[in-house]
Amino acid sequence: MDTQDQAITDLLAQTEGQSLAFVRANVRPADLAQTLAAMANGVGGTVVIGVRGRQVEGVADADAARAMALDAALACLPPLVLPLPTVVARDGATLLVVTVPSGLPHVYSVGGTYLRREGSTNAPLSPDALRQLLIERGETSWDRMTPPDATLADLDREKITAYARRVGPIAEADPLAFLLRRGCLAQRTDPATGKPEPVPTNAGLLLFGADVERWFPQAEVTLVRYQGREMGDEFLREDIRDTLPETARRAERWIVEHMRRGSRMVGLEREDWTQFPLGAVREALINALAHRDYTIRGDSIRVLLFSDRLECYSPGRLPGHVTLQNLVEERFSRNETLVQALADLGLIERLGYGIDRMLRQMAEAGLPPPEFRETAAGFLVTLYGRTGDDRADAGGADVAAWRRMGLNERQIAALLFLAEHQRITNRDMQELAPDVSAETLRRDLADLVERGLLLRVGDKRGAYYILK
């Protein structure tokens with residue numbers, strides 16, 4: 001039994017409750033909307049469509065059922081943004097699994113009624129419970145707001161097409177309708193005609209805008225590489241102002257290009273290494289883009305790369321009820337529309353911040369766990385990478401391993417010189433150790449050749465050595 005089969009088997013074996021509901025194939029969209037809203041107002045949950053009582057009946061048309069589920073989510077107020085429902089097979093029937101994430105930022109209603117799950121039923125929230133939920137969550141979502149002058153002409157249609165292609169047929173059939181479901185578009189009444197027209201939300205402009213900087217100058221990522229472990233006058237810098245998916249790709253490429261990486265000699269074996277696990281770097285970067293507070297102007301995401309660590313700062317303190325103490329366990333999406341669209345593109349995990357994966361990847365690399373810190377107006381993630389002699393790290397060398405092999409300091413200096421200059425000659429050796437005889441230096445190099453670390457190229461005066 002594969003993982004998906006086991007998962008649906010486990011679901012069907014459970015009893016309906018606060019976070020699980022079974023509904024028949026011909027469920028009314030309004031009834032489904034109530035169940036989705038009730039779960040969203042609680043801890044999230046799962047709805048399995050195509051089950052009557054405890055009997056699997058299946059759905060006749062999976063695509064139609066998926067569209068109906070998304071329309072039911074759209075019928076909630078504010079519209080509920082969900083992951084794409086999953087189609088699974090069970091006992092020869094087709095079921096649809098709809099996931100309602102935990103940690104959503106709004107309080108949802110259907111037809112003016114605010115609901116929550118009580119056991120296996122949807123019940124209206126009491127006035128006191130509703131008031132408390134409104135206090136906990138807040139009702140203004142920046143990413144769902146619409147700039148007053150924005151129109152569809154401000155979006156890049158090629159980027160929308162690429163996104164729809166990635167999502168699949170349900171989005172390709174009508175990309176604008178899908179963006180409306182996702183919260184990237186909203187309906188606004190045209191004052192001239194009195195008819196509703198689709199216009200981009202803040203999320204739509206951040207994800208697909210033709211000129212992001214025009215609308216959101218704060219949506220910038222600044223990348224800086226310093227030579228040592230502290231800020232200094234010598235550095236490399238790049239500023240990226242683009243749509244969020246493209247910013248994520250460009251920033252990741254820059255970090256990979258500028259972080260320390262290469263091969264090191266461990267004994268006589270060559271071992272490839274990177275300063276940080278690439279997955280952990282990606283999590284820190286994407287989380288900053290997805291969860292930063294875009295209402296803060298005059299500040300940007302900053303990624304600082306040092307010889308021993310990477311610091312990723314994002315404007316805005318931790319959202320909702322999330323604290324440094326419960327960061328790994330709790331979920332709260334400040335920008336749920338951005339998070340879902342980035343998940344559709346495969347850039348982020350929809351159901352969590354990825355903090356647990358970052359912890360696991362750092363541990364698997366034998367590195368310290370990430371450090372998380374709130375500042376006066378933001379959130380800082382620090383990854384500590386591979387450290388050692390700064391000159392050695394820059395060239396991908398492992399001084400400790402060389403010392404364990406019994407190499408002397410002159411030989412280590414020669415290997416560090418090679419890491420930077422790619423070749424070394426007898427004259428270079430004499431400049432590195434002017435007080436040592438030429439014969440001793442010749443023996444040093446010959447020993448490195450015998451150990452299989454160096455390769456001699458050429459004869460006599462024109463000879464030089466390179467890493468083997």
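The values are calculated or read from the model by the stated rules, or taken from the named source; none is laboratory data. Please read all numbers here as calculations on a predicted model, not as lab measurements. Backbone-built Cβ (ideal geometry, glycine too); neighbour counts: all protein chains shown. Just the protein is used for accessible areas: all its heavy atoms, side chains included, with ligands, DNA and RNA removed. Shrake-Rupley method; radii C 1.70, N 1.55, O 1.52, S 1.80 Å.
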Q) Taking region 1-135, how much of its Cα-Cα pair set, in percent, is spaced more than 25 angstrom apart? A) 22 percent
Q | Gap separating the Cα centres of region 1-80 and region 110-169, nearest whole Å | A | 18 Å
Q) Round to a whole number: what % of the accessible area of the chain belongs to carbon and sulfur, probe 1.4 Å? A) 48 percent
Q. So what's the back-of-envelope 222 nm ellipticity for the chain, counting only DSSP H runs of four-plus at -39500 (n - 2.57) apiece and dividing by all residues, rounded to 500?
A. -11000 deg cm²/dmol
Q: Taking each pair of different alpha-carbon atoms in the chain once, compute 1/r for the pair, average those values, and report the inverse of that mean as the Kirkwood hydrodynamic radius in Å to one decimal.
A: 25.7 Å
Q) Farthest toward the dipole's positive end in the chain, which of 406, 162, 65, given Cβ charges of +1 (Lys, Arg) and -1 (Asp, Glu) about the Cα centre? A) 406
**Q.** Debye, to nearest 20: dipole size of the chain, +1 on Lys, Arg Cβ, -1 on Asp, Glu Cβ
**A.** 340 debye
Q) Taking the Cα atoms only, what angle lies between the long axis of helix 3-13 and the longest principal axis of the chain, rounded to 10 degrees? A) 40 degrees
Q. Against the longest principal axis of the chain, how steep is helix 157-167, in degrees 0 to 90 to the nearest 10, with axes from Cα atoms?
A. 80 degrees
Q) Where only protein heavy atoms count, and the probe is 1.4 Å, what is the accessible area per residue for the chain in Å²? A) 47 Å²
**Q.** Global form of region 414-468, assessed from the alpha-carbon gyration tensor, a/c cut-off 1.5
**A.** rounded
Q. Considering every Cα-Cα pair within region 86-218, what fraction, in whole percent, is farther apart than 17 Å?
A. 71 percent
Q: Over all alpha-carbon pairs of region 208-319, lay out the pair-distance distribution in 10 Å bins, whole %, shortest bin first.
A: 13, 42, 31, 10, 4, 1
Q) If one takes the longest principal axis of the Cα atoms in the chain, at what angle in degrees, from 0 to 90 and to the nearest 10, does the Cα axis of helix 438-450 lie? A) 40 degrees
Q: List, in order, the whole-Hz ³J(HN,Hα) value for each residue of region 177-189 obtained from phi through the Karplus relation with A = 6.51, B = -1.76, C = 1.60 and θ = phi - 60°; use x for Gly and Pro.
A: 5, 5, 5, 5, 5, 6, x, 7, 10, 9, 8, 9, 6
Q | Dipole of the chain, positive end: most advanced residue of 284, 421, 129 [Cβ charges, Cα centre] | A | 421
**Q.** About the Cα centre, charge dipole magnitude for region 89-175 (Lys/Arg +1, Asp/Glu -1 at Cβ), debye
**A.** 260 debye
